[in-house]
Amino acid sequence: MIYINKYYPDFYYTVPMKTVAVLIFFCSLAVNFPVFAEDEFDMEKEKRYLKTLEKIMKKIDKEYLTEAGRALFLEKCAFCHGKDGKGRDGFAANLTRRISKKSAKYTIQNGGHNFKKSFPGSMPPMVPDPVLADVIADYVAQGFPPVHPGKKIFVKAQCARCHGTEGVGIRFRAPNIRYFDLSTIAAILRNGKKGIIGRMPAYAHFSNSQITSLAYFIISLSTSGKRAYIRNNLRQ
């Protein structure tokens, strides 16, 4: 069972004594790698920051990360996204899948300028034709199936130049749009996000440990996304 101090929500404590070591580890990382609040993009700083998050993700017990993330999600995210993460019937994004067709089409046609602290370039409007945009959006929302009319259009429309042919993103260029991963969730939390549903505020005050545990929990909401993330990043 995991608890959160109501006055200091970043302080997690559990019954097992191993958590003391975990907290010491987190504190040492926080001292050396604070959460960035600057608007400018610093490539070297960003590389160090992501390495810190990845170190937490790989080294800390996954059961602990899941439970810590769940507790933080229920406190900070569930009001909009629901306890199950499904978005409360469209009130907020459904986090059990990477992106909806409606949201993907909106971004394809309107561009995106959300993650400047993590991806310094902005995405311009890509496909003005609503029919072609609809096909690409369906392809992306379905998780890049091997057989789909949108597969060739995705490449032809230059989407793959930034997001990669598999949609897993290119670091510092564009986020993963196939499944949630650590860098994408960190970017959303640190920058906030504006889309067809509305605007999500930034949570730049979250610590490295909070971002990592919350990211792991969100990744776990989608079984297929979790399998893909572990296969491609954690190698477990």
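The values are calculated or read from the model by the stated rules, or taken from the named source; none is laboratory data. Quantities reported herein were computed from a predicted structural model and do not represent experimental measurements. As a convention, Cβ positions derive from the backbone with ideal geometry for all residues, glycine included, and neighbour counts pool all protein chains shown.
Among the residues of this structure, Leu214 counts as one that is at pLDDT 95 or above and either in contact with a helix residue (DSSP H, G or I) (Cβ under 7 Å, 6 or more places away or on another chain) or assigned by TED's automatic domain parsing to the domain that holds Leu65 (or both).
Listed here are the residues, each with its yes/no results for (1) outside any helix (DSSP H, G or I); (2) at pLDDT 50 or above; (3) at positive phi; (4) touching a Gly at 6+ places or on another chain (Cβ under 6 Å).
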| site | (1), (2), (3), (4) |
| --- | --- |
| Tyr3 | yes, no, no, no |
| Asp10 | yes, no, no, no |
| Val20 | no, no, no, no |
| Ser28 | no, no, no, no |
| Glu38 | yes, no, no, no |
| Met57 | no, yes, no, no |
| Leu65 | no, yes, no, no |
| Gly69 | no, yes, no, no |
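Scanning region 98-111 for residues that are out of contact with any Pro (no Cβ under 9 Å at 6 or more places or on another chain) and of a type outside the set (Ser, Thr, Tyr), we see that the one that is nearest to Phe180 (Cα to Cα) is Arg98.
Just give me the residues in region 95-133 being touching a helix residue (DSSP H, G or I) at 6+ places or on another chain (Cβ under 7 Å) and either aromatic (Phe, Trp, Tyr) or within 24 Å of Leu214 (Cα to Cα) (or both), in sequence order. Within region 95-133, Leu95, Thr96, Arg98, Ile99, Ser100, Ala104, Asn114, Phe115, Lys116, Lys117, Ser118, Phe119 meet the criteria. Report whether or not Pro120 is modelled with pLDDT under 95, assigned to a loop (DSSP other than H, G, I, E, B) and over 25 Å from Pro201 (Cα atoms). Answer is no for this residue.
Taking into account only those residues within region 158-178 that are touching a residue at least 24 places away in the same chain (Cβ under 8 Å) and within 19 Å of Ser100 (Cβ to Cβ), which is surrounded by the most Cβ atoms within 10 Å (Cβ to Cβ)? Ranking the candidates gives Pro175 first. Taking the numbered list (1) surrounded by fewer than 21 Cβ atoms within 10 Å (Cβ to Cβ); (2) within 19 Å of the chain's Cα centre (by Cα) in turn, Ala186 passes all entries but (1). Looking at region 108-148, which of the residues that are closer than 27 Å to Tyr49 by Cα and buried (at least 17 other Cβ atoms within 10 Å of the Cβ) is farthest from the chain's Cα centre (by Cα)? For region 108-148, the residue satisfying everything is Met123. Screening Phe115, Phe154, Phe144 for residues that are closer than 25 Å to Ile219 by Cβ and free of Cβ contacts under 8 Å to residues at least 24 places away in the same chain leaves exactly one candidate, Phe154.
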